[in-house]
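Okay, so here's the structure we're looking at.
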Amino acid sequence: MATGIHKRRSGVPADLIQPDQQHSPTNSPSILITQMARLGWLARVLYLFTKTDVHNLVLPACTLNLVVHAMYSSGVPGLPTLSASTIALSCAKTFLWGYLGLLVIDVTNQLMGQAEDRLNKPFRPLVSGQITVPGAMRLAVVSTGAFVVTANALGVLWTALSFVGATATYNFTGADRSWVGKNLSNAWGYGCFFAAGAWIAVGDLIAGAASGGAPIPPAVLDRLMITAPTLSVLHAANIFCSITIQDLRDVDGDLQSRRTTHNLAWGERAARMCISAGMSVFTAAAAIATQAAGTPWSMPRVGLYAVLVALVAWIGVRILLHVPEYLVVVDPVQPAPADTADSLLPPLAVSKWIHVPTQALRLGVPNPKPLSSLDDSGTQAMVRDEDDDIRGPWVAALKREQAARDDVSFKLYILWLYLYIFTAVV
């Protein structure tokens, strides 16, 4: 990627390279500045590609890595007590695997979803013009190769190959167009991340035992080998049931991508009730499993479940208290498809909010337009019927506020997910 990186067509903004630097290849300070500019551009582009997803995809995998280490950290016959530095290195390996995998899914997904990003995430590098489509395609190829090679070196090659399969299924087969395919693909991808984190920890535990020279008892080894797949499948199932919460904030973007997410297929209220029910069921199931195993309810365990229950209740209230009301209509701004391939697809759609004044009261967003003089009843009348306005300033402000509230709910959900992963050990 470094070759020709200063050229605009390779994905580097031309204004990063000053004219005197382009014509002074033998000037050492200029070469240094040019190289620093290239590295700065690359770091910024990588950051913008992945900034919204590190906390909700990579870090949960690192959390499960730590949990597996905690499950076998001490008191298990045949397994050594690993040092803090060894555990930290194991977590760092998981982060490296996860970040490279995140690059694979984010770059390819953003190549395919530019229409959605223009509406929902205009800061991303492709739609903001900080990298070209050919440059992003090269980055996708390089990151995929680096991902597979790194996974092989870490001993979890199959997790990388499986994740590449999940990425291809999600981005290139149309599986993301239906809510079932989208949620299954998300569960598959998350499952690969969880499996990588768990298996890296298992590998480090086995390597630690091997370095000590003592064989691992068969019963302990069997338990160790079943831990990673059990936890990975459990958390993947959890993701399938509740990951719709990330789609609540992206309605118009999903419509522009011709996706039918869970909330669009079942309706906002029904989908939100399913999210709340899924989180409640998995939290209760973890508590029941703890009770069935005869594990004592220590104060840390009671505190963890108290926080989990509080988060489930808080998120449920948030997403059910603020349910947007809208109709899905054909987007009047988009032109009719010109070629045969596009003409076979359904027309682009947009959400048309209804009962706008009522929803404005719910969200606390006043009409930015001036109001008319008092009418005969002594109340102020609206200048126009906002229910007929799809892209007016008031509706746009309401959609932004709704998306902001749903985004906070999603962040609380990720916090719940982190804590839920710890139920295996606390």
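The values are calculated or read from the model by the stated rules, or taken from the named source; none is laboratory data. Keep in mind that what you see is a predicted model, and the values were worked out from it rather than measured. Ideal geometry is used to build each Cβ from the backbone, glycine not excepted, and the neighbour counts take in all protein chains shown. Heads up: the accessible areas ignore ligands, DNA and RNA and are worked out on the full protein's heavy atoms, side chains in. Shrake-Rupley method; radii C 1.70, N 1.55, O 1.52, S 1.80 Å.
Where does each of 144, 34 land when they are ordered by accessible area, with a 1.4 Å probe and the largest first?
The residues order as 144, 34, largest area first.
Using θ = phi - 60° and the Karplus form 6.51 cos²θ - 1.76 cosθ + 1.60, what ³J(HN,Hα) does each residue of the range 220-233 get, whole Hz, x for Gly and Pro?
5, 5, 4, 5, 5, 6, 8, 5, 4, x, 4, 5, 5, 5
Return the sequence-ordered ³J(HN,Hα) values of the range 152-157 in whole Hz as given by the Karplus equation 6.51 cos²θ - 1.76 cosθ + 1.60 applied to θ = phi - 60°, using x for Gly and Pro.
5, 5, 8, x, 10, 4
Quick one: length gained pulling residue 158 to residue 241 fully straight, 0.36 nm per residue minus the C-alpha distance?
Value of the extension gain: 27.4 nm.
Apply the a/c threshold of 1.5 to the C-alpha gyration tensor of the range 188-344 and tell me whether it is rounded, prolate or oblate.
oblate
At a 10 angstrom cut-off on C-beta neighbours, averaged per residue, how do the peptides 189-196, 162-169 rank from highest to lowest?
In decreasing order of mean packing, 189-196, 162-169 become 189-196, 162-169.
With a Förster radius of 22 Å, plug the Cβ-Cβ distance of residue 178 and residue 273 into 1/(1 + (r/R0)^6) and report the FRET value to the nearest 0.05.
0.65
State the extension gain, in nm to one decimal, for the chain segment bounded by residue 206 and residue 400, taking 0.36 nm per residue of separation less the distance between their alpha-carbons.
64.8 nm
For 257, 28, give me the order by solvent-accessible area with a 1.4 Å probe, most accessible first, ignoring ligands, DNA and RNA.
I get 28, 257, largest accessible area first.
Check residue 178: other-chain or 5+ apart residues with amide H under 5 Å from its amide H, H built from backbone geometry?
For residue 178, whose amide H was placed from the backbone, the distant partners under 5 Å are 260.
Modelled label-to-label distance, residue 85 and residue 111, 7 Å Cα→beta-carbon offset: nm?
In this crude label model, residue 85 to residue 111 measures out at 4.1 nm.
Would you check the accessible area of residue 290, probe 1.4 Å, heavy atoms only, in square angstrom rounded to 10?
10
Could you calculate the contour length gain from residue 47 to residue 407, that is, 0.36 nm times the residue separation minus the distance between their Cα atoms, to one decimal place in nm?
Between residue 47 and residue 407, full extension yields 127.6 nm more.
When the solvent-accessible surface of protein heavy atoms is calculated with a 1.4 angstrom probe, in what order do 47, 418 fall, highest first?
47, 418
Given R₀ = 45 Å, FRET efficiency for residue 354-residue 289 by Cβ-Cβ distance, to 0.05?
Calculated value: 0.55.
I'm a student and want to see the number: the projected area of the Cα convex hull of the range 71-200, averaged over all directions, in nm².
9.8
Averaging sequence separations of C-alpha pairs under 8 Å and six or more residues apart, then dividing by the length of the range 133-238, give the relative contact order as a whole percent.
That works out to 25 percent.
How large is ³J(HN,Hα) for each residue in the range 239-255, as worked out from phi by the Karplus curve 6.51 cos²θ - 1.76 cosθ + 1.60 (θ = phi - 60°), to whole Hz, x for Gly and Pro?
4, 4, 7, 10, 5, 3, 4, 6, 8, 4, 8, 10, 4, 5, x, 5, 5
Classify the range 25-133 as rounded, prolate or oblate from the Cα gyration tensor: take a ≥ b ≥ c as the square roots of its eigenvalues, call it rounded if a/c is under 1.5, otherwise prolate when a/b beats b/c and oblate if not.
oblate
At what distance in nm do the modelled label points of residue 313 and residue 39 sit from each other, each positioned 7 Å from its Cα along Cα→Cβ?
5.2
If you average the sequence gap of Cα pairs under 8 Å that are 6 or more apart and divide by the length of the range 28-126, what percent do you get for the contact order?
Relative contact order comes out at 37 percent.
Among the listed pairs 93/121; 51/121; 121/399; 51/93, which have their C-alpha atoms separated by more than 23 angstrom in this model?
Among 93/121; 51/121; 121/399; 51/93, the Cα-Cα distance tops 23 Å for 93/121.
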